[in-house]
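Step one of this worksheet: look at the structure below.
Any read-out appearing in this document is the output of simple, stated calculations on the displayed coordinates, not a laboratory observation. A quick note: this is a predicted structure, and the numbers were derived from the prediction, not measured. Cβ placement follows ideal geometry from the backbone for every residue including glycine, while neighbour counts extend to all protein chains displayed.
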Amino acid sequence: MTTTTDSTAYPDLTRLTAVQMADALAAGEFTSVELTQAHLDRIERLNPALNAFLLVDAEGALATAANVDEARAAGEELPRLAGVPIAVKDIACTRGLTTTAGSRMLEHFVPPYDATIVTKLREARMPILGKTNMDEFAMGSSTEHSAYGPTRNPWDLERIPGGSGGGSSAAVAGFLAPLAIGSDTGGSIRQPAAVTGTVGAKPTYGGVSRYGIIALASSLDQIGPCARTVADAALLHEVLGGHDPMDSTSIDAPVPPVVAAATGTRDLTGLRVGVVREIGGEGFQEGVQARFEESLDHLRALGAEIVEVSCPHFTYAMAAYYLILPSEASSNLARYDAMRYGLRVEPDGSPSAEQVMASSRDAGFGDEVKRRIILGTYALSSGYYDAYYGQAQKVRTLIARDFAAAFEQADVLVSPTAPTTAFRIGDKLDDPMSMYLNDIATIPANLAGVPGMSIPSGLAEEDGLPVGIQILAPAMEDQRMYAVGAALEARLTEAQGGFVIERLPEVPERAPAAAPHTRSDETEEARA
């Protein structure tokens, strides 16, 4: 099959949605090689400014694309997203490609196996463009805590793209990739989506396998899709989801019908939408709150009933989270002992094992990781376990009960996704508490394990930057948030004259300061 791209119909392949790409590929309107190369060209041009990718695997991506084109030409039946390229957060193990989790500790770690989600991407025949930047071990809300330099927001290169998965959100927002993988421990898919004008979904805890994902807090971590539309996110969610016997927390149940929900009716008549009294108002930027109120009006116009619900223990969610997460992180990161894998620093002389371990962890971990390890170790120590970690787990139970009570009154819950638009790089690095507050609206969902999604709700008047609305659903009812998200997305698109992402200014090719270090040139070394 010889295909010639119609440059009039598709002046820029990277501007299509994943659904449009999949349909055009199936119709033979262009090839996967052409599509993948278009994204690789854009990465080469813009990544020095954005620092969204830590590693670019051009050879591997083009090989997969060529294989898809050959299979399609031979008449082979292919998965829906076959040939559509994707970016993977550098927290997922990829066989033969360096996987760092944004840390010097794993700077040269090349996994001998794929994470389950990477295996699923390969089975779906999706070219993997590369690995995206992230806060070290997913600890952060801005992607400023990466050992390889900050990622920059395509809307304004002086601002953060959210965290910890800012590389994935910036890649999708900047049209460097149509889809990306993210991980959400306290909002690290949804919050970056909100500040970059993209869509991010955290599935029900256990709905997507965590096998092969570098662990931060095992009872909170969840993998999910990053996309530019709700339908695109649903297609990727369907690829990623499902039971995995390699993950003991994986739910042995079918993937919820998220694609059908995202492409179904836009009529929300009879749906009860709960507004959480404890999320919003004081401390939330005026433009964020204004876009949220407008979104509620659009939901009413779609037939939904808006009800106010109270979740009183949400007030304590952040305090509980910042005891539970550091405690689990302290335990998970204890494996980086310089003895088995990872960075090894040997002091002069004849150092003991303890001295090697101490030197390696000091050199390999950044300040934020050290801060959380210290906090978690303290919370788990003898004499403090019951007073801190134990009490935090009790609060977690109360938050889950708040959700259960709220979902008796409403079918879904909504709130602003983040309290502000993207702040400037460096503004909050010296104020950890202010940084942590960026996840105040997203943390409760992780503590309870319920699914959540952020979709763009418009631009704030104050700065012209994107704002997101969060949609939460009961556990294993992920399709509800997709149905509401798709209906609201369509309504907002009509009211605002197009998707938020279509108003993204052209991304400059140079960052305001010197471009940070990336690992794009290490692909061949890692493959060897």
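The simple spin-label model puts a point 7 Å past each Cα toward its Cβ; for residue 401 and residue 374 those points are separated by 3.6 nm.
Can you compute the FRET efficiency between residue 63 and residue 362 using 1/(1 + (r/R0)^6), with r the Cβ-Cβ distance and R0 = 41 Å? Round to the nearest 0.05. Calculated transfer efficiency: 0.55.
Peptides 128-134, 118-124 ranked from most to least packed by the mean count of surrounding Cβ atoms within 10 Å: 128-134, 118-124. Annotation for residue 23 and residue 310: the two label points, set 7 Å from Cα along the Cα-Cβ direction, are 4.8 nm apart.
Taking 22 Å as the straight-line reach from the Cα of residue 428, the lysines in range (excluding those fewer than 8 positions away in the same chain) are 370. With Cα atoms defining each centre, the range 484-499 and the range 11-76 are spaced 27 Å apart in the structure. Across the chain, the relative contact order, built from alpha-carbon pairs under 8 Å that are at least six residues apart, equals 19 percent. Counted by Cβ distance under 9 Å from residue 360, the other residues give a net charge of -1, where Lys and Arg count +1 and Asp and Glu count -1. Placing a pseudo-label 7 Å from each Cα along the Cα-to-Cβ vector at residue 462 and residue 123 gives an inter-label distance of 4.6 nm. Summing charges over all other residues whose Cβ lies under 13 Å from the Cβ of residue 392, with Lys and Arg as +1 and Asp and Glu as -1, gives 0.
Residues whose amide H lies under 5 Å from that of residue 274, counting only those 5 or more places away or on a different chain, are 307, 411, 412, 413, 414; hydrogens are built 1.01 Å from N in the peptide plane.
How many percent of DSSP beta bridges within the chain run antiparallel, rounded to 5? Given both bridge residues lie in the chain, the antiparallel proportion sits at roughly 65 percent. Per-residue extension of 0.36 nm, minus the Cα-Cα distance of residue 219 and residue 277, leaves a gain of 18.3 nm for this segment. Listed values for the range 205-216 are Karplus-derived 3J(HN,Hα) couplings in whole Hz (6.51 cos²θ - 1.76 cosθ + 1.60, θ = phi - 60°), namely 4, x, x, 10, 4, 9, 5, x, 9, 5, 6, 10, and x replaces Gly and Pro. Simple point charges give the picture: +1 on the Cβ of Lys and Arg, -1 on the Cβ of Asp and Glu, and for the range 333-479 a dipole about the Cα centre of about 520 debye. With 0.36 nm allotted per residue and the present C-alpha distance subtracted, the residue 319-residue 433 stretch has 40.0 nm of extension available.
In terms of packing, defined here as the mean over residues of other Cβ atoms within 10 angstrom, the peptides 262-275, 217-230, 424-437, 172-185 line up highest first as 172-185, 217-230, 262-275, 424-437. Given 0.36 nm per residue, what is the gain on full extension from residue 490 to residue 95 after removing their alpha carbon distance, in nm? Answer, rounded to one decimal: 138.3 nm.
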